[in-house]
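Report on the structure given below.
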């Protein structure tokens, strides 16, 4: 039977049962109400930093093994990823295949360069639209020079004309004096001949050297 015990005496209370109350921990409720990040983490099943579990050594080992397997597969299939240094050396090597020609016309120096395969193909395709017409030689000259001319008076062509697109370069070429264009085109023809002789095979020894390189 419940009773009250105090300095004034004891008194029993018949027929009543003391109630028990369970008070929940409100720390989680307070955390969720003031910290929206906490709610988002709980929704995603993410632990808070205080209770985060570090990756086990076995997990690190598994990641390393997968990386090794991926590298082996790349080597086997020929998909090796180039390092930054290798890419830079490759870019330098490809850039060396362009031949440059400086020509002085009056007091101005012009710089021409050989064309890439894509540029050569595009120039020929556009010029071919005028085959059999009186415009054909003028169009050929314009298409090649617009792609080959890279500097005028020590200034890059894009900066000189204030534009980088091909259409602007074509318009610029058309505005130049016809005699100047003839001289520049002669220089371009000489440039292509120089490049052809530079990279062509000249004798039997060089032919055999090329064959041996292809066999490697």
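Among rounded, prolate and oblate, which fits the stretch 99-199 when a ≥ b ≥ c are the square roots of the eigenvalues of its C-alpha gyration tensor, a/c under 1.5 means rounded, and a/b larger than b/c means prolate?
Working: a/c = 1.42, a/b = 1.15, b/c = 1.23.
Judged from the Cα gyration tensor, the stretch 99-199 comes out rounded (a/c under 1.5).
Which whole-number percent gives the relative contact order of the stretch 99-199, counting Cα pairs below 8 Å spaced six or more residues apart?
31
Each value in this text was obtained by applying a stated rule to the coordinates, not by laboratory testing. Please read these numbers as outputs of a predicted model, since none were measured by experiment.
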